[in-house]
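First up is the structure itself, then whatever we jot down about it.
The values are calculated or read from the model by the stated rules, or taken from the named source; none is laboratory data. Keep in mind the model is a prediction, meaning the values are calculated, not measured. No Cβ is skipped: glycine too gets one built from the backbone with ideal geometry, and neighbour counts run over all protein chains shown. What goes into the accessible areas is simple: the full protein's heavy atoms, side chains included, and nothing from ligands, DNA or RNA. Shrake-Rupley method; radii C 1.70, N 1.55, O 1.52, S 1.80 Å.
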Amino acid sequence: MSSRLTDSIVLGIDTSNYRTSAAVYNAVTGEYTNCGRLIGVPEGAIGVRQSEALFQHTVGLHSLIANLPYGVPLKAVGVSTRPRAVEGSYMPCFLAGESVARSAAHLLGVPLIACSHQQGHLAAAAMSADRLELLDGAFLAWHLSGGTTELLHVQPGEDGLPEARCIGGSEDLSAGQLIDRCGRLLGLSFPAGADLDELQESCTEPVRAFRPKVKNCRFSLSGMQNQVEALVQKGTPPETVARFTVETICNAVAGATRQALEQYPLPVLCAGGVMSCTFLREELPKQFDCCFGADMLSGDNAVGTAVLAARRVGVLK
């Protein structure tokens, strides 16, 4: 292997609230190996305490790293250290990844590049959509996940990382929370995204989904939980309830995006675990021009942190 190829490999680490992940990324070939696993959640629960998440990350991270290619020379280490790149953004679970990343970078004598979990999502989506050039200019992005439903205006920051400013999204319940609560009502496992998506695909009857009111690119999803509960209580078929849920989210996202595009006529990137939903990936492009990250890199992963680290140290332009 040429020295150029071996001098372009970066380690990425991400310990989000529900997934431990580590990855190696070759900035020249674009190849990556991503290892991840969900945190164990007690049956019937819809989340875990931060102390439990931190413990599981600490115990499990080393085994994931052990599954990565052995003996590769690293150019840098990238790690997510907080949820968002804004003042006061903090969650203890990121300490597990940061501790390992700082130790590895010190022992190997390579730069440590710290970013936010959200920045990692944007980079992973852009890379896997073959649209890395988006990170060199301004664009709009959706970050839809278990705890986040934000419409972002993104541009290059002074530190070389994406600078994301929230300009819209949900004012209360996140899209992922609505999906998980719907999943719990339907007896699905947590997190419910994949199972709910499979269930909604089996819906063959037209569904009259709700269209949340959108003002200044913002909307509320909290009332949707009550509507979902009412549908379940009436004995509505599970697949119809599932379709109602994801179609309602789609309506809200589409409405907010159309408003944003009037002010910011920019490319739109769709990132976050909820954006792996089949219905959203099929329907949103009918509403406006947008691109999606690969399914496997829409959810929490460490590839995005490695991509950002590679850009910062100059092995990926």
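Below are the figures for this structure:
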{"quantity": "Criterion: part of a helix (DSSP H, G or I), at pLDDT 95 or above and either open to solvent by 20 Å² or more (accessible area, probe 1.4 Å) or polar (S, T, N, Q) (or both) - qualifying residue of Leu231, Leu196", "calculated": "Leu231"}
{"quantity": "Test: residue in the range 176-185 that is surrounded by 16 or more Cβ atoms within 10 Å (Cβ to Cβ) and of a type in the set (Lys, Arg)", "calculated": "yes"}
{"quantity": "Residue count for the range 135-147, restricted to those that are within 9 Å of the chain's Cα centre (by Cα) and open to solvent by 10 Å² or more (accessible area, probe 1.4 Å)", "calculated": "2"}
{"quantity": "Some residue of the range 147-164 being touching a residue at least 24 places away in the same chain (Cβ under 8 Å), touching a Cys at 6+ places or on another chain (Cβ under 8 Å), of a type outside the set (Val, Ile, Thr) and assigned to a loop (DSSP other than H, G, I, E, B)", "calculated": "yes"}
{"quantity": "Filtered residue count, the range 48-82, keeping only those that are in a loop (DSSP other than H, G, I, E, B) and either in contact (Cβ under 8 Å) with a residue 40 or more places away in the chain or open to solvent by 40 Å² or more (accessible area, probe 1.4 Å) (or both)", "calculated": "11"}
{"quantity": "Residue, least open to solvent (accessible area, probe 1.4 Å), within the range 260-275, restricted to residues that are of a type outside the set (A, V, I, L, M, F, W, C) and assigned to a loop (DSSP other than H, G, I, E, B)", "calculated": "Gly272"}
{"quantity": "The range 199-222 - residue that is over 14 Å from Ala175 (Cβ atoms) and assigned to a helix (DSSP H, G or I) and, of those, least open to solvent (accessible area, probe 1.4 Å)", "calculated": "Leu199"}
{"quantity": "Some residue of the range 20-33 being surrounded by fewer than 18 Cβ atoms within 10 Å (Cβ to Cβ), part of a strand (DSSP E or B) and modelled with pLDDT of 95 or more", "calculated": "yes"}
{"quantity": "Those residues of the range 234-259 which are of a type outside the set (Lys, Arg) and not in a helix (DSSP H, G or I), in sequence order", "calculated": "Gly235, Thr236, Pro237"}
{"quantity": "Of residues in the range 234-246 being open to solvent by less than 40 Å² (accessible area, probe 1.4 Å) and in contact (Cβ under 8 Å) with a residue 12 or more places away in the chain, the one farthest from the chain's Cα centre (by Cα)", "calculated": "Thr240"}
{"quantity": "Any pair with Cβ under 7 angstrom, 6 or more apart, that starts in the range 192-211 at a residue that is more than 30 Å from Gly40 (Cβ to Cβ) and ends at one that is charged (D, E, K, R) and at pLDDT 95 or above", "calculated": "Cys203/Glu239; Cys203/Arg243; Val207/Arg243; Val207/Glu247; Ala209/Glu247"}
{"quantity": "Any chance Leu173 is in a loop (DSSP other than H, G, I, E, B), free of Cβ contacts under 8 Å to residues at least 24 places away in the same chain and surrounded by 14 or more Cβ atoms within 10 Å (Cβ to Cβ)", "calculated": "no"}
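Results for (1) in a helix (DSSP H, G or I); (2) open to solvent by 30 Å² or more (accessible area, probe 1.4 Å); (3) among the β-branched types (Val, Ile, Thr), shown as yes or no for each residue.
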| position | (1), (2), (3) |
| --- | --- |
| Arg84 | no, yes, no |
| Gly97 | yes, no, no |
| Ala114 | no, yes, no |
| Met127 | yes, no, no |
| Glu133 | yes, yes, no |
